[in-house]
Amino acid sequence: MTDLKKCNQCKEYTLEELCPKCNEQPKDAHYKFVKIKDAIPSTKEHFDKKRQKKSNN
């Protein structure tokens, strides 16, 4: 299976190795999920505050 690529030059999506529009080398279009090692863990209070804000609107 080929990966979807996005050209940084013209923002065109392609499955090809070169962009058909401008012949530039496209980059991978899929976001890479990076694991954040030093992130502060979420707490119940954090989510309760967000729920309170939504209910007040």
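All of the numbers you see were taken from the coordinates with simple rules; none came from a lab. Worth saying up front: this structure is predicted, and the values here are computed from it rather than measured. Cβ: placed from backbone, ideal geometry, glycine included. Neighbour counts: every protein chain shown.
In table form, for the structure just shown:
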item	result
Note, ³J(HN,Hα) from phi for segment 12-23, Karplus 6.51, -1.76, 1.60, rounded to Hz, x at Gly and Pro	7, 8, 7, 9, 7, 6, 10, 5, x, 8, 10, 6
Spread of Cα-to-Cα distances over 5 Å intervals beginning at zero, given as percent, for the chain	4, 17, 14, 9, 7, 8, 8, 12, 12, 7, 1
Listed peptides 26-37, 10-21 by packing density, highest first (mean Cβ within 10 Å)	10-21, 26-37
Principal-axis tilt of helix 44-56 within the chain, Cα atoms, nearest 10 degrees	90 degrees
Cα-centre dipole for the chain with unit charges at Cβ (Lys and Arg positive, Asp and Glu negative), debye to 20	600 debye
